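Read the structure below first, then the notes.
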Amino acid sequence: MNTYGIIMAGGGGTRFWPLSRADKPKQFLNLSGEDTMVRETAVRLGKITGEENLFIVTSAAHRDMSIGYTEGVVDPSHILGEPAARNTAACIGYAAMEIIKKYEDGIMVIAPSDHFIKDEEEFVRVMKEAVKTAEETSALVTVGIKPTFPCTGYGYIRNSETDSDVYRKVDEFVEKPDLETAESYVDSGYYAWNSGMFVWKASVILGYFEKLLPDIYDHLKKIGDAMGTPKEKEIIEEIYPSIPKISIDYGIMERADNVLMLEGDFGWNDVGSFDALEEVYGTDENGNVNMANSLIVDSHDNVFCGPKDKLIAAMGVENIVVVTTEDGAVMVCDKRRVQEIRRFPELLKGTDNEKFI
């Protein structure tokens, strides 16, 4: 059975404002110092599926940008544009229907476009084991990350042992815990971070859509029936915006009866906010992340981001994030409140500064 890589690239990346904008969200930024996140993801996933089997699901408004940033890696005809953002269930269902209608079936390896992986060799090994597991068991397979500290910013997967040395049975998906609960999770050895990476047969996940999300399945079936016909684009634009919004986690994973987990320990980071850049980009001897033209004096544990033609000078500051952009936006934030940065684009709507969204 063929294996297909599905890259979810429809997010807005608002916690990385003002670097991430509506017209160029986080997945199209270079945050590692190597390449854009979406291209890094495609190259990495291509080592598992072959680049000829890669697909990207993104906003229709960003389809051309996705084509440009993955040129030579992803076939432009494999970049699927969503007419409206409808969360991860619709995104994954759309890709599954594409596989079923055009390739009969296949194993889907699904990954977000904006995660960081330090040990790519180990990542490829684990994901190939996940592919084998999905093919042999017809289960929904997810990859849980071995927790390295009691993080309160991630969801967790509670799992139990099976007869297999490769995978465990998933007992429950758990929301972001408080610190005391997170500590107990890590100490127990039976919890992993929820990475949002999945592996399964296209036919199997569509079966779960039909059983657990019949309304969404009906929409997907109409789209699938139009695939390969002259009306495909017209039907997608008509049907897709009315698909109910729900995540694959809430809609299917938490309710499915056959979910397995492989544990990954390959230096994963979801790069969810500016403080995550410490692991991705590295720090200086004072704990500062310096991705800018900076003059830093007596300052510790900060994040500085900006273009090289603009100087950031900092003295005697600790635990702040400073971001400047080419078009004149400046953002300063306490590092303890980086999750709230997503509020800024909302606050700018309807103001004279709306152009900075």
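None of the figures in this text is laboratory data; all of them are computed from the coordinates on show. All values reported here derive from a predicted model rather than from experimental measurement. Note: ideal-geometry Cβ built from the backbone for every residue, glycine included; neighbour counts use all protein chains shown.
In the chain, helices alone account for a calculated mean residue ellipticity at 222 nm of -9000 deg cm²/dmol, with every DSSP H run of four or more residues adding -39,500 (n - 2.57).
For a paramagnetic label modelled on ASP298 (point 7 Å from Cα along Cα→Cβ), amide N atoms under 15 Å away belong, within segment 313-328, to 314-318.
Sparsely packed loop sites in segment 260-357 (the GluC sites (Glu not before Pro) outside DSSP H, G, I, E and B with at most 14 other Cβ atoms within 10 Å) comprise GLU285, GLU326. Pairs from the list LYS128/LYS211; LYS102/LYS132; LYS128/LYS221; LYS118/LYS308; LYS102/LYS221 with a Cα-Cα gap above 19 Å: LYS128/LYS211; LYS102/LYS132; LYS128/LYS221; LYS118/LYS308.
Distant-in-sequence amide contacts of GLY264, defined by a placed amide H-H separation under 5 Å and a gap of 5 or more residues or a different chain, comprise GLY144, ILE145, LYS146. Quick one: Cα centre-to-centre distance for segment 113-174 and segment 306-357, in angstrom? Answer, in whole Å: 35. Charging the Cβ of each Asp and Glu at -1 and of each Lys and Arg at +1, and nothing else, the dipole of segment 273-355 about its Cα centre rounds to 300 debye. Subtracting the Cα-Cα distance of GLU71 and GLU120 from 0.36 nm times their residue separation leaves 15.5 nm of extension gain.
Close amide H partners of GLY106, meaning residues 5 or more places away or on another chain with modelled amide H under 5 Å apart, are ALA202, SER203. Considering only GLY267, ALA313, ILE246, the residue lying farthest towards the positive end of the dipole of segment 226-320 is ILE246, judged by Cα position with unit charges set on Cβ.
Only Cα pairs under 8 Å and at least 6 apart count here; give the relative contact order of the chain as a rounded whole percent. Write out the running numbers ahead of the final one.
Details: 725 pairs, mean separation 67.2, N = 357.
The value is 19 percent.
Looking at the P(r) of segment 274-356, how many percent of alpha-carbon pairs lie beyond 20 Å? Every Cα pair in segment 274-356 considered, those over 20 Å come to 34 percent.
Taking GLU40, GLU210, GLU234 as the candidate residues, the one with maximal mean-square fluctuation in a Gaussian network model of the chain, Cα springs under 10 Å, is GLU234.
Taking amide H positions as modeled 1.01 Å from N, with prolines and chain starts lacking one, the residues under 5 Å from GLY5 and 5 or more places away or on another chain are LEU54, PHE55, VAL109.
Which of the GluC sites (Glu not before Pro) across segment 71-160 are loop residues per DSSP, with 16 or fewer other Cβ within 10 Å? Intermediate values should be presented prior to the final figure.
On the way: sites: GLU71, GLU98, GLU104, GLU120, GLU121, GLU122, GLU129, GLU135, GLU136; in loops: GLU71, GLU104.
Of the GluC sites (Glu not before Pro), the ones in loops of segment 71-160 whose Cβ has at most 16 other Cβ atoms within 10 Å are GLU71, GLU104.
Inter-part distance, segment 1-43 to segment 235-253, computed on C-alpha centroids, equals 21 Å. 3J(HN,Hα) couplings calculated from phi for segment 317-323 with the Karplus curve 6.51 cos²θ - 1.76 cosθ + 1.60 (θ = phi - 60°) are, in sequence order, 10, 9, 6, 10, 10, 10, 10 Hz; Gly and Pro show x.
The translational diffusion coefficient of the chain, from Stokes-Einstein at 25 °C and 0.890 mPa s with a Kirkwood hydrodynamic radius over alpha carbon pairs, comes to 115 µm²/s.
Cα centroids of segment 263-290 and segment 65-95: 27 Å apart. This model, with +1 at the C-beta of Lys and Arg and -1 at the C-beta of Asp and Glu, gives segment 205-306 a dipole about its Cα centre of some 720 debye.
Tell me the trypsin sites (Lys or Arg not before Pro) within segment 246-338 that lie in a loop according to DSSP and have at most 16 other beta-carbon atoms within 10 Å. Filter output for segment 246-338: ARG255, LYS308, LYS310. Counted over segment 3-269, the DSSP beta bridges are approximately 50% antiparallel.
Taken along its three principal axes, the alpha carbon spread of segment 127-222 comes to 47, 30, 18 Å, from the longest extent down to the shortest. Between the listed residues MET65, GLY50, ALA85, the Cα displaced farthest toward the positive end of the dipole of segment 37-91, a dipole computed from Cβ unit charges relative to the Cα centre, is found at ALA85. Among THR152, THR229, THR181, the largest mean-square fluctuation in a Gaussian network model of the chain (Cα springs under 10 Å) belongs to THR229. Simple point charges give the picture: +1 on the Cβ of Lys and Arg, -1 on the Cβ of Asp and Glu, and for the chain a dipole about the Cα centre of about 880 debye.
Note on the chain: dipole from Cβ charges, positive end direction compared against ALA134, ASN302, TYR103; the farthest Cα belongs to TYR103.
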